1. Kindly check whether there is at least one residue in the stretch 214-229 that is part of a helix (DSSP H, G or I) and under 20 Å from residue 176 (Cα atoms).
2. So which residues in the stretch 98-121 are in a loop (DSSP other than H, G, I, E, B) and either out of contact with any helix residue (DSSP H, G or I) (no Cβ under 8 Å at 6 or more places or on another chain) or surrounded by 14 or more Cβ atoms within 10 Å (Cβ to Cβ) (or both), if there are any at all?
3. Answer yes or no as to whether residue 272 is at pLDDT 95 or above and touching a strand residue (DSSP E or B) at 6+ places or on another chain (Cβ under 6 Å).
4. When only residues in the stretch 9-34 that are over 21 Å from the mean Cα position of the chain (by Cα), surrounded by 11 or more Cβ atoms within 10 Å (Cβ to Cβ) and assigned to a strand (DSSP E or B) count, which is modelled with the highest pLDDT?
5. Would it be correct to say that residue 260 is outside any helix (DSSP H, G or I) and in the same structural domain as residue 422 (by TED's automatic domain parsing)?
6. Can you say whether residue 296 is surrounded by fewer than 22 Cβ atoms within 10 Å (Cβ to Cβ), in contact (Cβ under 8 Å) with a residue 60 or more places away in the chain and more than 17 Å from residue 387 (Cα to Cα), as far as the supplied structure shows?
């Protein structure tokens, strides 16, 4: 077995070791992980050999084979190889359309010094990452050649690719245009939890140890499923740039869950948001609740954000009936006042005004199988997946939140296919190994302080 770089825990540097055997793939539904320990690749920008599936390469190669059309809807787009593939296909006569979130629809290279100076810390970090990636000769300045080769949005514009964002409907933008999907030739659909950025797929340029945020990608060969995604894309695209008949966010009509038979199982897809007039049970979060409610033996969660109280309440019912529940949440969100991870741990945190989340329900029979994975410094748990009974998976771009359900443009998949789900099981087990479970002492101290500060005098 060849030696390779494998993932590591607790901020340690990668170690050399042997990789596990790859799992079988369904020929019609293939799933990949950028931290997959059974694969390795060489990053195209930092030129390092590391464990994982190259999600950018999978997307770029799929686009390169397009014959008639490519539709891309993604919140943020900064990856040059994907941009180059789209540019080449457009120039070859393939119909290429791209939809972005308006916050990220301007090329980084065109921002003025004043605009950069007004950025918050998070946005400034994204900008600095771009500069490090684009400055290929390391002279601290971006030449026109470097911009044309590394600024993905400039590459699309130079090639004449049609691009709109979620202000095309005449608004200031939807909650978030948070989709992350690609449809090729009306037959192949790629759905991922990752934005098209180096940090979400490969790793941070400002942190040599970073392996990127933990993300997954599903590639599905099904004209029937692709047709559903094209319908969603066309609602947002409308008649094209400037026509003002685009529909984003709650302007879109209600779209219920639809199921398609693909490969060795079924895939149910539902798009968000859901308007307030639609019963919650019929929303994307309602579909999650329905899927969780069917659990018989166990539920495993790997989530960036978990803040939807009704979903925690469903899990409490399942736990009370003997279903095992394990949950990993990104460290940046796991212990915030609105995190349902705290409910499962049997505790509650008030916000700065001593107010608790509406309907907050700490579990009376708290569980210790909730926590955060040990990731490298700067990397995040960006997954939005769950595994039910080891045979069904929930995936997509949809975070388990109220905003994802009722404000954002999102994709939710429910995959009933044991061959596919086995990959999610392995990824969860990898993350759960050496995870930090239970209530950290820092949070325990914070709860005690709040009890003193928020109690009536």
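The values are calculated or read from the model by the stated rules, or taken from the named source; none is laboratory data. These numbers were taken from a predicted model, which means no experiment stands behind them. So basically every Cβ, Gly included, is an ideal-geometry build from the backbone, and we count neighbours across all protein chains shown.
1. yes
2. The first filter runs over the stretch 98-121 and keeps only residues in a loop (DSSP other than H, G, I, E, B), leaving 101, 105-107, 111-112, 118-120.
Matches in the stretch 98-121: 101, 105, 107, 111, 112, 118, 119, 120.
3. On the way: at pLDDT 95 or above: yes; touching a strand residue (DSSP E or B) at 6+ places or on another chain (Cβ under 6 Å): yes.
It is true that residue 272 is at pLDDT 95 or above and touching a strand residue (DSSP E or B) at 6+ places or on another chain (Cβ under 6 Å).
4. 26
5. Judged against the criteria, residue 260 is a match.
6. Values: surrounded by fewer than 22 Cβ atoms within 10 Å (Cβ to Cβ): yes; in contact (Cβ under 8 Å) with a residue 60 or more places away in the chain: yes; more than 17 Å from residue 387 (Cα to Cα): no.
Spelling it out, it is not the case that residue 296 is surrounded by fewer than 22 Cβ atoms within 10 Å (Cβ to Cβ), in contact (Cβ under 8 Å) with a residue 60 or more places away in the chain and more than 17 Å from residue 387 (Cα to Cα).
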